[in-house]
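Undergrad: Take this structure first; my questions come after.
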Amino acid sequence: MNYDRILIRYGELTTKGRNRNKFVDKLRKSIKTALSSYPKIKMEVSRDRMYVLLNGENGKEIIEQLKKIFGIQSFSPAIKVERDLLEMKKAALQLVTGLYREGQTFKITAKRSDKTFELDTDEINQAFGGYLLKNIPGIKVDVKNPDINLRIEVRQEAVYLSCETILGAGGLPVGSGGKAMLMLSGGIDSPVAGYMAMKRGLEIEAVHFFSPPFTSERSKEKVIDLTKKLSEIYGSMSLHIIPFTDIQKAVRHQVPENYSMTTTRRLMLRITDEIRRKQNGLAIITGESLGQVASQTLESMFAINEVTNTPILRPLITMDKTDIIKIAKEIDTHDISIRPFEDCCTIFVPASPKTKPRREKVQYYESFFDFEALIQEAIQRVETIHVKPETTQQNEFNELF
Ligand code: ATP
Ligand code: MG
């Protein structure tokens, strides 16, 4: 017997009280987006769970897609049957026979959310256990560590049978927690930071600082490709590309070399904050990790952070590089990040940047020049791209023919 649906459990969502509808709605949207290339699937949504009805679509492929979706605690391929003991037994036998290999053990786990059903959970366990033992030669019961655990769930509308519980990605549905700006370089760290923030439910728009001709079109392409990868999670993502050349040149002329990086970062943050305000975001996300480079010492962060009181989220702050790289590989951004194209910051990086910059000093150096005018000009000239995942773009393209 083939599974006809996948039962999806929300987990953490159930604790969210009043916001529940919003959460469930965002999760539904995430699933729809991820499964958009399976047109026949339908969704059934209720208070505490969802079903993806397969309607003949490839269950195995869909399971792989579901594993990546934030907000799903676990899921199970399942069969829906009528609340009729004979029907239930027939379906259970077919299902377990299909999975059974010689020498394997099983157990029944019954759950009854509708207490009006004619048998209670113990009685269901016994009735179905006995029935399977009689009809599948060689099968044995093992209640502690069974090879096959047949779950029989009796609900008011129907009975659901399943044998497998697959762990979901956890987290919260993307977009359920508000919007933030991700400062996205072409490096390994910031895409991982974006991924982790999305995992906790944030919707993200990316901001990238671009300094042509010091940084090439290829390095811009790299950032677009990284955005595409991240956009797979939510179905689309905006990328704001800020022309940064004039500002970097001005910093080089105006600020002593050992403070130029501190000022550059402060200006990036001011501009990102301005974009955040326009886009109604509530936070800024960076890929910073404590102590990794000169700009990421605590003293540096203290000096740089002075320019805004917007929350700055640093999901990687306590992580080691090796652990960050591991995630980058898992989410498929690593190979894009290591393409050898320069970033605007690496080009202008001073020989010996201050690792312990001071606020008073950087304020003093910045006071001789009107950076605000340049900031406004850069914001006027921002290029915003609405990026979609590779596959959707392909589909749209195909539809043209
Ligand atoms: P990454 O691997 O993300 O590039 P990094 O280890 O190279 O990080 P830095 O160059 O110090 O570290 O950058 C720290 C953070 O500042 C980055 O993670 C990113 O969030 C932001 N950032 C750096 N360069 C840019 C850029 N050109 N555009 C947008 N954000 C940037
Ligand atoms: Mg970098």
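Undergrad: For a quick check, take a GNM of the chain with Cα springs below 10 Å and name the residue from 55, 19, 135 with the largest mean-square fluctuation.
TA: 135
Undergrad: Hey, can you rank 104-111, 265-272 by average C-beta count inside 10 Å, highest first?
TA: Answer by packing, highest mean first, reads 265-272, 104-111.
Undergrad: If you don't mind, another one. Springs between alpha-carbon pairs under 10 angstrom, Gaussian network model over the chain: which of 60, 29, 199 fluctuates most?
TA: 60
Undergrad: What is the extension gain from residue 28 to residue 352, computed as 0.36 nm multiplied by their sequence separation minus the C-alpha to C-alpha distance, in nm to one decimal?
TA: Working: separation 324, 0.36 × 324 = 116.64 nm, distance 5.05 nm.
Length difference between fully extended and current span is 111.6 nm.
Undergrad: Against the empirical 2.2 N^0.38 Å scaling, what ratio does the C-alpha Rg of the stretch 194-332 come to?
TA: Details: Rg = 15.4 Å, N = 139, 2.2 N^0.38 = 14.3 Å.
My calculation over the Cα atoms of the stretch 194-332 gives 1.08.
Undergrad: Given 80/144; 199/229; 32/68; 90/115, which pairs have Cα atoms separated by over 18 Å?
TA: Correct reply: 80/144; 90/115.
Undergrad: Whose amide H sits under 5 Å from the amide H of residue 200, counting only residues 5 or more places off or on another chain, with H placed in the peptide plane?
TA: For residue 200, the qualifying residues are 172.
Undergrad: What FRET efficiency comes out for residue 86 versus residue 46 if R0 is 30 angstrom and r is the Cβ-Cβ distance? Round to the nearest 0.05.
TA: E(calc), rounded to 0.05, equals 0.65.
Undergrad: Using r as the Cβ-Cβ distance of residue 236 and residue 382, and R0 as 30 Å, what FRET efficiency do you calculate, to the nearest 0.05?
TA: 0.95
Undergrad: Sticking with the crude label model, points 7 Å out along Cα→Cβ, report the distance from residue 53 to residue 335 in nm, one decimal please.
TA: So the label points at residue 53 and residue 335 sit 3.9 nm apart.
Undergrad: Kirkwood hydrodynamic radius, computed over distinct alpha-carbon pairs, for the chain: how many Å, to one decimal? All intermediate terms of the calculation are to be shown ahead of the outcome.
TA: Working: mean 1/r = 0.0413 Å⁻¹.
Computed over the chain, the radius equals 24.2 Å.
Undergrad: Label residue 216 and residue 318 with points 7 Å out from Cα along Cα→Cβ: what is the distance between them in nm?
TA: With each label placed 7 Å out from Cα toward Cβ, I get 4.1 nm.
Undergrad: Further, regarding this structure: Which parts of the stretch 72-99 would a label at residue 4 reach, counting a residue when its backbone N lies under 19 Å from a point 7 Å out along Cα-to-Cβ?
TA: 76-99
Undergrad: May I have the convex hull volume per residue, in Å³, for the Cα set of the stretch 173-248?
TA: Hull volume normalised by residue count: 78 Å³.
Undergrad: Would you calculate a helix-derived [θ] at 222 nm for the chain, using -39,500 (n - 2.57) for each DSSP H run of n ≥ 4 and dividing by the full residue count, to the nearest 500?
TA: After summing the helix terms and dividing by residue count, I get -13000 deg cm²/dmol.
Undergrad: For the charge dipole of the chain, defined by +1 on Lys and Arg C-beta atoms and -1 on Asp and Glu C-beta atoms about the Cα centroid, which residue among 333, 283, 230 has the Cα displaced farthest towards the positive pole?
TA: Farthest along the dipole direction, towards plus: 283.
Undergrad: Also: May I ask you to list, by number, the DSSP H helices of the chain whose Cα span along the axis is at least 18 Å and whose average Kyte-Doolittle hydropathy reaches -1.0 or more?
TA: What comes out of the filter, once short or polar helices are dropped, is 85-99, 121-135, 217-234.
Undergrad: What ³J(HN,Hα) values, in whole Hz, does the Karplus curve 6.51 cos²θ - 1.76 cosθ + 1.60 give for the stretch 144-154 when θ = phi - 60°, with x put for Gly and Pro?
TA: Here the 3J(HN,Hα) series is 7, 9, x, 6, 10, 10, 7, 8, 10, 10, 9 Hz.
Undergrad: Can you list residues from other chains, or at least 5 along the same chain, whose modelled amide H is less than 5 Å from the amide H of residue 179?
TA: 203, 282
Undergrad: Moving to a separate point now. Seen from all sides and averaged, what is the projected area of the convex hull of the Cα atoms in the stretch 96-198, in nm²?
TA: 11.2 nm²
Throughout, read-outs are computed from the coordinates displayed, never taken from laboratory work. The structure presented is a predicted model; accordingly, all values stated were derived computationally and were not measured. Ideal geometry is used to build each Cβ from the backbone, glycine not excepted, and the neighbour counts take in all protein chains shown.
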